[in-house]
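Quick notes on the structure that follows.
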Amino acid sequence: MQIQSFINYKLQFMKKLFSTLFPVFIFSIVVLFSCKAKVSDDYDKIVSDIAIKPEFAKNAPVADHVTLQFLDKPNKWGNFRVTANLGGQLKDQYLAYEVDDQKIVLRDDGKGADSLQGDGIYSVYINIDTSEVREMISQQNLAIARANQIESNQRDMTSLLKIDRRDTGRTAAFRTLLLNDPNFTFENRHVKFDKKNVSTFDFESVFKLRRPIDIFPRFLCPPPPADLIPKSLMITDLSVIEDPTRTWNSAAGTGNKTGAWTFNNIINNMVNKSATGKTATEFMLTWLKTWGNNIPLNGDNAGARASINALINNWQQRSLGNGLPADTLDMAEAPVKLLAIVNRVDLRENTGYSSSNAGEGRFVFAVMNSTITSISNSPLPFTIIFEYGINRKSCKSVQNWGQQWYNLHIKAFGDPAYNTALQKITDQFVNANADPSKPNGSTLNQIRTNEIALSSPWQLREFNIDAGTHLLKLVTVKKTPRDNLNGTAAIADFINAHCAAILANNYDVNDVEGGQPFLGAKSEVSGPVWNAPGITCADIDNTRHIFSLNTCNACHGGETSTGFTHVNTVPFGIEASLSGFLNGITVIDPISGTSRTFADLPDRAVKLQQLVCMSCKKFFPLVFKANVMTH
C-alpha cells in the first residue's frame with residue numbers, strides 16, 4: 001500500500017509539473033520561432049535599404065567559388081542557401097547586386113541565411129531551378145574528368161609553355177591545352193596553374209542528402225569551340241576582310257565603295273553630318289593635321305611628324321582627279337586596308353552593379369602607300385583602330401550581345417550567311433545615332449593609332465570625339481605616363497602608393513598624379529619596359545610588371561616581346577598575322593628574369609564561353625572579375 005501510494009503521489013506530481021511546464025515550453029517554442037521569423041523577415045527590409053555600389057562594376061569582390069545547399073524546406077526567399085567566402089574584401093556586412101531586375105543581398109551579420117557574423121562568409125537564400133543546378137554539376141564533373149585525362153596524357157604540362165612564337169606546332173598544342181584544361185586560370189593576362197582540388201558530385205548527395213557543394217565558375221561551361229577565336233573574336237579571314245559587298249580594295253579599285261565595313265562608311269557614320277553639320281572632309285583633315293603640329297598636352301608634347309602632309313596632299317590630289325572640289329577628301333580614296341574585325345566583350349564590366357558597359361567592338365585598318373594618282377598594294381607601318389563602346393544594361397542584354405558573336409562560329413567562312421550575321425552585329429555599333437548619349441551619336445570610345453611611318457620612333461596616339469566641336473581631338477594615352485618619367489621617382493612613388501590595387505590589376509591612372517602631370521600626350525618606344533629604382537611593394541616583380549604591361553608602349557614592346565603591332569600590316573590578298581601575345585607566347589621578364597606566358601585570345605575565348613553559358617546565373621556577379629585592360 002505504501003509503495004502504491006508513493007507511485008500515485010509521484011504520478012500526480014509529474015502531471016502537475018507537466019501541466020505547469022508544458023505551456024511554458026510551448027510559449028518558448030512560439031517565441032523562439034517568432035523571433036527567428038522576425039530575424040529572417042528583416043531580409044526584405046535589407047533588400048530595400050542596402051544600395052548597390054556602382055564602383056563594384058569595375059572592381060567587385062570576387063569569390064573563387066560559391067557553395068550551394070538545397071534546403072530541406074524552401075522558404076519564402078528561396079530553395080537554396082548560397083554562400084561566398086569574401087573574407088578581407090569587404091568592410092560592410094552586406095553586399096547587394098542585381099541579376100535581371102532581381103536585387104539580391106548577401107549578409108554576414110549572423111542572421112537569416114548567415115551562420116556567423118563577421119567571418120567573411122556571406123550568405124543568402126535564393127531560388128535556383130534544380131535543373132540548372134543539375135546541369136552545373138554535370139558540367140563540373142565533365143570538366144574534372146577532362147582535366148584528369150589531360151594530366152594523365154601529358155604529365156609535364158609545363159613543357160608546352162616553352163613556346164617559340166614561330167613554332168606553330170607548339171602554339172597549336174598550347175592553345176588546345178588552354179582551351180580544354182579547366183585547371184588553367186588566367187590572371188593578369190599570364191597563365192597560372194590552379195592547385196585547388198575540386199571534387200565530383202552525385203545528384204543524390206545534393207538533392208536527397210542536402211550536401212553542400214562547391215561550384216567553381218571555370219568548371220561550369222564546356223571548353224570553347226576550337227573555331228571560336230577566328231570566327232567570333234579576332235576575325236581576319238579574307239572572305240570577310242575583303243568581302244566585295246562590304247569592303248573596298250583601294251589599290252585595285254574593286255569592291256563596294258560604301259560597303260558596311262569600308263573606311264568611307266565608318267567615317268561618315270561617325271561624323272553624322274545631319275546631326276552635327278560637319279563634313280567627312282572637315283572631320284578627317286582636322287584629325288590628320290594634328291600630326292603636322294606640335295600639340296602640348298598635360299605637360300607633354302606630341303611633336304609634329306611632317307610626313308603626314310604628303311599623305312594628305314596625295315589623298316586630296318586623287319580626290320581632285322575624281323572630280324571633287326579642291327581640298328575635298330573622297331573617303332573612297334582613303335589609303336587604307338581593313339585588317340581585322342574584333343570582339344572585345346571581355347572588356348565588359350560587371351552588370352550586377354548597375355553597369356551598362358558590355359565591352360567594345362573594333363575595326364583595325366592599315367594605312368597603305370600612295371601617290372597623287374594611285375594607292376599601292378603595300379602597307380605602311382601604320383595602324384588605325386576604331387574602338388566602339390557597347391552599351392547594354394541588363395544581364396540578359398549583355399548575354400544576348402555575346403551570344404550574337406558566339407553564334408558566328410557555327411557558320412562557315414565563305415558562306416554569305418556568316419558575313420550577313422556579322423554585319424548585323426557591327427551595324428549595331430557603327431551606324432549613326434547608335435548611342436545618342438555620346439558625341440555625334442557615335443558609340444566610339446576612342447581611336448588609337450600606332451605608327452612609325454610618319455617619323456621615328458614608333459608612337460601611339462589616342463583620340464576622342466569632342467562633344468563641342470564634333471571633331472576628333474588628341475587626348476592622353478591611358479595608363480601610360482609621359483615618356484620622360486620612365487626610371488624616375490614619380491613612377492616608383494605611384495607604384496608604391498597603389499601596390500595592392502596594381503597587383504590586383506584594379507587601378508586607374510589620372511592625368512595628374514602626385515601633384516604633377518603624369519599621363520603622356522603620346523607613347524613612344526623610349527625604353528623596353530617601365531621601371532624605376534625605389535619600388536618597395538611586397539611583390540615588387542609582379543607589381544612592376546603589371547603596371548608596365550598596362551602601358552601602351554610596354555604592352556606593344558618589351559613586356560610581351562612584340563614588334564609594336566599585335567595585328568600586323570599586310571597587303572591586300574594576305575591575311576593579317578597576329579602577335580605572340582595574342583596567340584600564345586612565353587617571354588622572359590627583362591627585369592626579373594621570370595618566365596611569363598601570355599595567351600590573350602584563348603583567355604578571351606574562355607570569357608566569351610562563360611558569358612553565354614552562365615552570366616545570368618544568380619551568383620555570377622560574385623565570381624566575375626572585370627578585365628580592366630586598356631588596350
Prolate/oblate/rounded label for the range 382-535 (Cα gyration tensor, a/c 1.5): prolate
Near the amide H of Ala113, under 5 Å away, which other amide H atoms are found, from residues 5 or more places off or on another chain, if H is placed in the peptide plane? Tyr125
What are the residues whose amide H is under 5 Å from the amide H of Leu380, where those residues sit 5 or more places off or on another chain and H is modelled from the backbone? Val367, Met368, Asn369
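Rounded to the nearest 0.05, what FRET efficiency do Asn127 and Phe413 give with R0 = 51 Å and r taken as the Cβ-Cβ distance? Could you check? Write out the running numbers ahead of the final one.
Values: r = 43 Å, r/R0 = 0.84.
Rounded to the nearest 0.05, the efficiency is 0.75.
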Gained length - Thr286 relative to Val512, 0.36 nm times residue gap less alpha-carbon distance: 78.7 nm
Where in the range 503-532 does the label zone of Asp539 land, with the point 7 angstrom along Cα→C-beta and an amide N cut-off under 19 Å? 503-508, 530-532
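Using the 10 angstrom Cβ neighbour count as an exposure proxy, how do Glu387, Glu462 rank, fewest first?
Details: Glu387 20, Glu462 24.
By the 10 Å Cβ count, ascending: Glu387, Glu462.
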In nm, to one decimal, how far is the Asn79 label point from the Asp101 one, both placed 7 Å along Cα→Cβ? 2.2
Distance between modelled label sites at Ser376 and Lys91, nm, 7 Å Cα→Cβ extension: 6.3
Hey, quick one: spin label on Ala501, modelled 7 Å out along Cα-Cβ, who in the range 475-492 has an amide N within reach, i.e. under 18 Å? 477-482, 490-492
Quick query: amide H of Val66 versus all other amide H atoms, modeled in the peptide plane; which residues come in under 5 Å with a sequence gap of 5 or more or a different chain? Ile215
Using the alpha-carbon centroid of each, what span in Å lies between the range 227-305 and the range 451-526? 24
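Could you give the dipole magnitude of the range 228-478 about its Cα centre, charging the beta-carbon of Lys and Arg +1 and that of Asp and Glu -1, in debye to the nearest 20? Write down the numbers at each step before the final one.
Numbers: 22 positive and 18 negative charges, 78 e Å.
Its charge dipole is roughly 380 debye.
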Karplus couplings for the range 331-336 from phi (6.51 cos²θ - 1.76 cosθ + 1.60, θ = phi - 60°), rounded to Hz, Gly and Pro as x? 4, 6, 9, 4, x, 9
Note, ³J(HN,Hα) from phi for the range 541-557, Karplus 6.51, -1.76, 1.60, rounded to Hz, x at Gly and Pro: 4, 6, 5, 4, 4, 5, 4, 5, 4, 7, 7, 4, 6, 6, 5, 8, x
Measure off 7 Å from each Cα along the Cα-to-Cβ vector at Glu575 and Asn313, then give the distance between these two points in nanometres to one decimal. 4.0
Once phi is turned into θ = phi - 60°, what whole-Hz ³J(HN,Hα) does the Karplus curve with 6.51, -1.76 and 1.60 give for every residue of the range 42-48, x standing for Gly and Pro? 6, 4, 4, 5, 4, 4, 6
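Since every read-out is calculated from the coordinates, none of them should be taken as a lab result. Given the structure is predicted, the values throughout are model-derived calculations rather than measurements. Every residue, glycine as well, gets a Cβ built from its backbone with ideal geometry; the counts of neighbours run over all protein chains shown.
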